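The values are calculated or read from the model by the stated rules, or taken from the named source; none is laboratory data. Predicted model only: the values in this text are computed from it and were never measured. All Cβ positions, even for glycine, are placed from backbone atoms using ideal geometry, and neighbour counts span all protein chains on display. Just so you know, the surface numbers come from the protein's heavy atoms only, side chains and all, with ligands and any DNA or RNA stripped out. Shrake-Rupley method; radii C 1.70, N 1.55, O 1.52, S 1.80 Å.
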Amino acid sequence: MNEPARGGEQRGPLARRALGVPVLFAVAYSAVGFSLYFSLGVVAERGLGLTPLLFLGAGLMFVLATLSFAEGGSMYAEPGGSANFSRHAFNELVSFVAAWALLIDFILVIALAAVSAPHYLEPLWSGFTDGKGEVLTAVGIIGAVAFMNIAGWWGFRHQRLLVALALGDLVVQMLLIALGVAVVFEPDRLTQNLSLFDSPTLEDSVYALVIATVAFAGIEAASDLAPDLDWRARDLRRSVTAGAALLPIIYAGVAAVALMAVPVVLGPDGASTALGDTFVENPVLGVAQSFDPPWVSTVMQVAVVAVAPAVLVWAASTAMLGLSRHVYVLATNRQIPSWLGKLGPARSTPYVAILAAAAIAAALAIPADIELLAGIYAFGATLSIALAHASVLRLRFTEPDRPRPFRIPWEVTMRGRSVPLPALIGFIVTALAWLSVIAFHEEARWVGGGWMAFGLVGYVIYRTVVEQTSLTKRVEVPAAALVKRVRDAEYDDILVPVFGSSLDDDIVSTAGRLADAALSPGEGSPRLRILYVIELPLTVPLTSPPPRDRADVASAAVERATEVAREYETVEVHQTVQKARDVGAGIVQVARDFGAQMIVMGAEPPTRIRGGAILGGVGGARPAEIGPITEYVLRRAPCRVLVTAPADAVSLGALDPNRPLLEPVVDSPE
């Protein structure tokens with residue numbers, strides 16, 4: 001029996017099983033490659049001889065996180081990663097904490113990748129790394145990444161290319177390990193100048209371990225993308241198993257070869273390695289340059305220069321993809337204002353969020369302080385991953401019977417429920433790692449804490465003041481509510497002038513259908529304002545009551561129109577009787593006073609005055625259905641005007657019988 005494919009309910013062009021799990025692998029592995037190309041130098045600077053063991057530990061933490069994300073993602077075919085798991089396991093507030101922590105991490109990954117890429121291009125041209133050239137290249141990469149994400153750079157060809165890039169990166173790392181073992185295999189170098197708890201210190205070791213977790217961003221991005229792809233549970237299990245076996249080996253192997261090629265040495269200021277100094281911004285290239293004989297070094301440098309910049313750019317793009325999808329989820333769940341998640345009309349990508357993230361990433365990339373950015377990253381990554389583990393654990397108690405196509409192995413029984421040990425261990429380790437960032441990294445503590453405080457204050461104000469809803473209750477709006485098209489209009493407040501004629505019912509029905517169509521879940525009811533204008537001559541003050549017979553006609557017309565409008569149960573109906581010197585002027589004034597978004601009017605017979613366009617007569621240039629009142633409103637209205645001509649207008653004498661019927665006949669611009 002064939003196993004059914006899993007994934008999001010809506011299948012788009014990405015939904016092809018042939019590329020389902022491979023694309024998730026490519027997205028996740030882009031962060032693994034990025035973490036080595038960038039963080040190897042920063043980790044080695046603090047971790048010294050313990051660097052291989054620290055990367056092994058980070059690889060194991062990555063595997064634990066992957067297991068939790070695989071189970072959580074298989075339970076809910078929704079984007080959001082740790083924020084989505086926290087929403088189902090806890091509430092909206094905890095979900096927001098997880099998502100907000102990840103947003104700054106995605107921005108930092110973009111900045112770090114953009115800063116590192118020019119240094120891997122240095123062998124091609126030294127100008128890539130000289131002051132201005134480095135900044136321009138970094139900003140250019142961020143701009144290109146923003147453009148690709150706004151343009152929705154996804155498609156069958158691109159997916160195949162990205163999978164090929166991930167495999168190429170894997171080949172380069174395996175080649176680095178193989179050549180390193182062949183030409184620089186001296187295990188004694190790993191332990192020389194190593195003094196446990198002294199060089200490196202416990203604080204430096206913990207800090208380096210946390211920095212090595214930079215690959216966590218790839219798990220979040222892959223989790224965001226998973227609902228849009230087709231995958232099968234057995235394929236996911238195989239992928240997770242392969243990753244669990246491969247990733248720690250790659251991490252530890254590359255780090256070990258790096259420390260043997262560029263060993264720790266004693267200097268005037270104590271132990272150090274050139275990986276954390278000379279090569280801190282391009283450590284893998286530094287390892288390749290340290291190989292001997294020269295031809296091996298050349299081959300490896302060519303491979304690194306060919307792959308590393310592309311992987312770094314792809315890692316930045318993956319981070320931007322994760323950020324945009326996180327913002328989308330936050331906006332559709334009313335955790336941030338909808339305008340931040342506003343979708344573009346062409347590609348339905350959250351361009352406001354992408355542009356804002358690009359601007360922040362560019363500002364962070366200009367100083368090029370890699371150590372500071374890495375420390376801040378660790379604050380958010382460890383917090384969100386800890387919440388993901390906690391969510392998976394809690395869901396084992398709150399939703400034990402929910403189908404889990406992927407289930408974390410190695411379970412124990414607690415309070416009658418099966419608890420996965422990997423998730424429990426992962427939660428404890430990442431929670432302690434987050435506490436270590438707070439304890440040992442002052443800049444990350446203040447910047448990360450400030451970012452979270454800013455977000456939480458904004459969340460509380462938005463939910464309680466603007467939305468007037470609970471901090472913990474889920475309020476979801478459809479994605480369509482985030483799409484604003486330039487030529488579309490929201491008809492939430494429609495003004496309908498009536499004249500007491502037999503055409504009023506048709507005109508009110510047209511307006512009612514427009515208002516009813518404007519209703520969106522989570523939004524207020526659209527309003528229909530029925531208007532009758534009583535024209536008073538100059539000899540009568542506007543403050544005086546109208547003649548009784550005119551008032552009775554107005555009341556009857558408004559009441560009849562209201563009955564028709566109330567057939568649309570979702571529409572609020574309001575009545576207005578306006579006194580004015582001119583009917584057209586009265587309509588325009590009421591539209592301004594009440595902020596109408598559209599005026600719906602019926603066609604009126606033109607004046608019988610002859611004399612051409614100058615006198616506005618029937619021989620003029622305007623259409624037959626545009627009379628003097630309609631013309632005035634079209635010229636002066638503060639909003640759109642829709643003039644309709646009912647199908648029976650000819651029999652009522654409203655139109656010239658020799659003219660073809662139009663429905664609608666006029667839609668004026670705003």
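Okay, residues lined up against (1) in a helix (DSSP H, G or I); (2) of a type in the set (Ser, Thr, Tyr); (3) under 23 Å from Leu634 (Cα atoms):
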| residue | (1), (2), (3) |
| --- | --- |
| Ser502 | no, yes, yes |
| Ala511 | yes, no, yes |
| Thr543 | no, yes, no |
| Ala556 | yes, no, no |
| Glu559 | yes, no, no |
| Thr570 | no, yes, no |
| Gln578 | no, no, yes |
| Val588 | yes, no, yes |
| Ala591 | yes, no, yes |
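Only one of these conditions is not met by Phe440: (1) modelled with pLDDT of 90 or more; (2) open to solvent by 70 Å² or more (accessible area, probe 1.4 Å); (3) over 25 Å from the mean Cα position of the chain (by Cα); (4) not hydroxyl-bearing (Ser, Thr, Tyr). Which number is it?
(1)
Tell me the residue from Ala306, Ala358 that is in a helix (DSSP H, G or I), surrounded by 18 or more Cβ atoms within 10 Å (Cβ to Cβ) and either under 19 Å from the mean Cα position of the chain (by Cα) or not polar (S, T, N, Q) (or both), please.
Details: Ala306 fails: surrounded by 18 or more Cβ atoms within 10 Å (Cβ to Cβ).
Criteria check complete, one pass: Ala358.
Restricting the search to region 102-113, which residues are at pLDDT 90 or above and either farther than 19 Å from Pro337 by Cβ or of a type in the set (D, E, K, R) (or both)?
If the condition is that a residue be at pLDDT 90 or above and either farther than 19 Å from Pro337 by Cβ or of a type in the set (D, E, K, R) (or both), then Ile110, Ala111 are the ones that fit.
I'm checking my understanding of the structure. Among residues of region 278-296 that are touching a residue at least 60 places away in the same chain (Cβ under 8 Å) and outside any helix (DSSP H, G or I), which one is surrounded by the most Cβ atoms within 10 Å (Cβ to Cβ)? Please lay out each step first, then the result.
Filtering region 278-296 down to residues touching a residue at least 60 places away in the same chain (Cβ under 8 Å) leaves 279-288, 290-293, 296.
Those left that are additionally outside any helix (DSSP H, G or I): 279-282, 290-293.
Values: Phe279: 23, Val280: 21, Glu281: 22, Asn282: 28, Ser290: 21, Phe291: 22, Asp292: 10, Pro293: 8.
Top of the filtered list is Asn282.
Step by step: first the residues of region 490-505, then only those that are charged (D, E, K, R) and open to solvent by 20 Å² or more (accessible area, probe 1.4 Å), then the one that is modelled with the highest pLDDT. Which residue is that? So that I can check it myself, show each step before the final result.
Within region 490-505, the first condition is being charged (D, E, K, R), and the residues that meet it are 490, 492-493, 504-505.
From what's left, open to solvent by 20 Å² or more (accessible area, probe 1.4 Å): 490, 492, 505.
Values: Glu490: 56, Asp492: 75, Asp505: 84.
By that ranking, first place goes to Asp505.
Residues are listed down the side, and each one gets a yes or a no for (1) open to solvent by 40 Å² or more (accessible area, probe 1.4 Å); (2) out of contact with any Leu (no Cβ under 7 Å at 6 or more places or on another chain); (3) in a helix (DSSP H, G or I); (4) modelled with pLDDT of 85 or more:
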{"residue": "Leu167", "(1), (2), (3), (4)": "yes, yes, yes, no"}
{"residue": "Val172", "(1), (2), (3), (4)": "no, yes, yes, yes"}
{"residue": "Leu176", "(1), (2), (3), (4)": "no, yes, yes, yes"}
{"residue": "Val181", "(1), (2), (3), (4)": "yes, yes, yes, yes"}
{"residue": "Asn193", "(1), (2), (3), (4)": "yes, no, no, no"}
{"residue": "Val214", "(1), (2), (3), (4)": "no, yes, yes, no"}
{"residue": "Glu220", "(1), (2), (3), (4)": "no, no, yes, no"}
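Confirm whether Gly80 is in contact with a helix residue (DSSP H, G or I) (Cβ under 9 Å, 6 or more places away or on another chain), buried (at least 24 other Cβ atoms within 10 Å of the Cβ) and not in a helix (DSSP H, G or I). Even if it seems obvious, please write down each step before you answer.
Working: in contact with a helix residue (DSSP H, G or I) (Cβ under 9 Å, 6 or more places away or on another chain): yes; buried (at least 24 other Cβ atoms within 10 Å of the Cβ): yes; not in a helix (DSSP H, G or I): yes.
Answer is yes for this residue.
Determine the pairs where a residue that is within 18 Å of Phe90 (Cα to Cα), located within region 399-420, has a partner that is surrounded by 11 or more Cβ atoms within 10 Å (Cβ to Cβ) and of a type in the set (A, V, I, L, M) with Cβ atoms under 6 Å apart, the partner being 6 or more residues away or on another chain.
Final answer for the pair search is Arg402/Met75.
Answer with yes or no whether Pro52 is under 21 Å from the mean Cα position of the chain (by Cα), open to solvent by 10 Å² or more (accessible area, probe 1.4 Å) and in contact (Cβ under 8 Å) with a residue 12 or more places away in the chain. Full working, then the answer.
Values: under 21 Å from the mean Cα position of the chain (by Cα): no; open to solvent by 10 Å² or more (accessible area, probe 1.4 Å): yes; in contact (Cβ under 8 Å) with a residue 12 or more places away in the chain: yes.
Taking the combined requirement at face value, the residue does not satisfy it.
Which one is modelled with the lowest pLDDT, of the residues in region 513-541 that are assigned to a helix (DSSP H, G or I) and open to solvent by 50 Å² or more (accessible area, probe 1.4 Å)?
Step one: of region 513-541, the residues assigned to a helix (DSSP H, G or I) are 513-517.
With open to solvent by 50 Å² or more (accessible area, probe 1.4 Å) added as a condition, the list becomes 513, 516-517.
Details: Arg513: 81, Asp516: 74, Ala517: 71.
Filtering first and then ranking leaves Ala517.
So which residues in region 94-115 are open to solvent by 10 Å² or more (accessible area, probe 1.4 Å) and closer than 12 Å to Ala388 by Cα, if there are any at all?
Val94, Val97
Of all residues in region 119-143 being free of Cβ contacts under 8 Å to residues at least 60 places away in the same chain and buried (at least 19 other Cβ atoms within 10 Å of the Cβ), which is farthest from Gly41 (Cα to Cα)?
Here the answer is Thr137.
Checking Ala368 against (1) modelled with pLDDT of 80 or more; (2) touching an Asp or Glu at 6+ places or on another chain (Cβ under 9 Å): exactly one of these is not met. Which one?
Against the list (1) modelled with pLDDT of 80 or more; (2) touching an Asp or Glu at 6+ places or on another chain (Cβ under 9 Å), Ala368 comes up short only on (1).
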